[in-house]
Amino acid sequence: MAQKADQPFDDKRYIAEPKMDGFRLLLSTMDGVKAYTRHGNELSSRFPELLLSPIPEGTVLDGELTVTDSQGRPDFERV
């Protein structure tokens, strides 16, 4: 259960990643490079910079699309 702490959590027995505020995006190179939401809506035209990525043909990437501000903090509104 989440709890407030005075110091960041740091324990070598655990692997954790920060919560980034974005949305799930699937990038596929199965039939050209295309980007999809988790519901299967194609968003390729909204992210043309992703379409230029050197990703090998036949790859599917499933991850969180985030945009950060100048200090590295997630900025959902900029997505």
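The values are calculated or read from the model by the stated rules, or taken from the named source; none is laboratory data. Just so we're clear, the structure is a prediction, and the values are computed from it rather than from any experiment. Methodologically, a virtual Cβ is constructed for each residue, glycine included, from the backbone with ideal geometry; neighbour enumeration extends over all protein chains shown.
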Restricting the range 43-68 to residues that are of a type in the set (S, T, N, Q) and either modelled with pLDDT under 90 or under 17 Å from residue 79 (Cβ atoms) (or both), the one surrounded by the most Cβ atoms within 10 Å (Cβ to Cβ) turns out to be 66
May I ask you to list the residues in the range 27-59 that are within 20 Å of residue 17 (Cβ to Cβ) and hydrophobic (A, V, I, L, M, F, W, C)? 27
Can you confirm whether the range 32-42 contains a residue that is surrounded by 10 or more Cβ atoms within 10 Å (Cβ to Cβ) and among the β-branched types (Val, Ile, Thr)? yes
Residues being touching a strand residue (DSSP E or B) at 6+ places or on another chain (Cβ under 8 Å) and more than 20 Å from residue 78 (Cβ to Cβ) - total across the range 1-37: 7
